[in-house]
Amino acid sequence: MEESKSNNSEIPKKTESKIKHDEKLCPNCNRSFECKVGSISLCQCTKVYLSREERDYLAAQYSDCLCYQCMETLAFEYRITKSYKAITWSF
C-alpha cells in the first residue's frame, strides 16, 4: 500500500508556468491587463462578441491586444457610428 502512495507522488503535475500569459498595456487606455494567449479560452477578450466588421475596425486601428473595457467601448462606438451613417438626413 505504501508503494502505491509513492507512485502517485511521482506523477508529474501540470503547472501554471507552462501556460503562457503576458502582462500587457492596453494601447488605447494604457491600463494593465493579462493576455492569456497560452490559454485563449480563458482570455478576457473571448468574453467580448465582435462581428467581423468590428474586428476589422479594431485591427485597422490597433496592432496589439486591447483590454476588455476598451474592446467593449470601441465596438459600441463602431455600432453607433454605423447606425448614424445608415440614417438618411433628408428634410
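The values are calculated or read from the model by the stated rules, or taken from the named source; none is laboratory data. Values in this document were obtained by computation on a predicted structure and should not be read as measured data. With ideal geometry, Cβ positions are generated from the backbone for all residues, glycine too; neighbour counts draw on all protein chains shown.
One table, with the values for the structure above:
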{"quantity": "Subset tally (residues that are within 19 Å of Arg31 (Cβ to Cβ) and in a loop (DSSP other than H, G, I, E, B)) for segment 51-64", "calculated": "3"}
{"quantity": "Residues located in segment 51-67, provided they are buried (at least 16 other Cβ atoms within 10 Å of the Cβ) and either modelled with pLDDT of 90 or more or at positive phi (or both)", "calculated": "Glu54, Tyr57, Leu58, Leu66, Cys67"}
{"quantity": "Candidate set from segment 35-50 (those that are not in a helix (DSSP H, G or I) and not hydrophobic (A, V, I, L, M, F, W, C)); member that is modelled with the lowest pLDDT", "calculated": "Lys36"}
{"quantity": "Residue in segment 74-88 that is within 14 Å of the chain's Cα centre (by Cα), in contact (Cβ under 8 Å) with a residue 12 or more places away in the chain and either exposed (fewer than 10 other Cβ atoms within 10 Å of the Cβ) or over 23 Å from Glu23 (Cβ atoms) (or both) present", "calculated": "yes"}
{"quantity": "Pick from segment 19-33, criterion among the charged types (D, E, K, R) and surrounded by 10 or more Cβ atoms within 10 Å (Cβ to Cβ), ranking: modelled with the highest pLDDT", "calculated": "Arg31"}
{"quantity": "Matching residues, segment 65-91, being over 17 Å from Cys26 (Cα atoms) and of a type in the set (Val, Ile, Thr)", "calculated": "Ile80, Thr81, Ile87, Thr88"}
{"quantity": "Pairs, first closer than 14 Å to Glu72 by Cβ in segment 36-55, second of a type in the set (Val, Ile, Thr) and assigned to a helix (DSSP H, G or I), C-beta under 8 Å, six or more apart", "calculated": "Thr46/Ile40"}
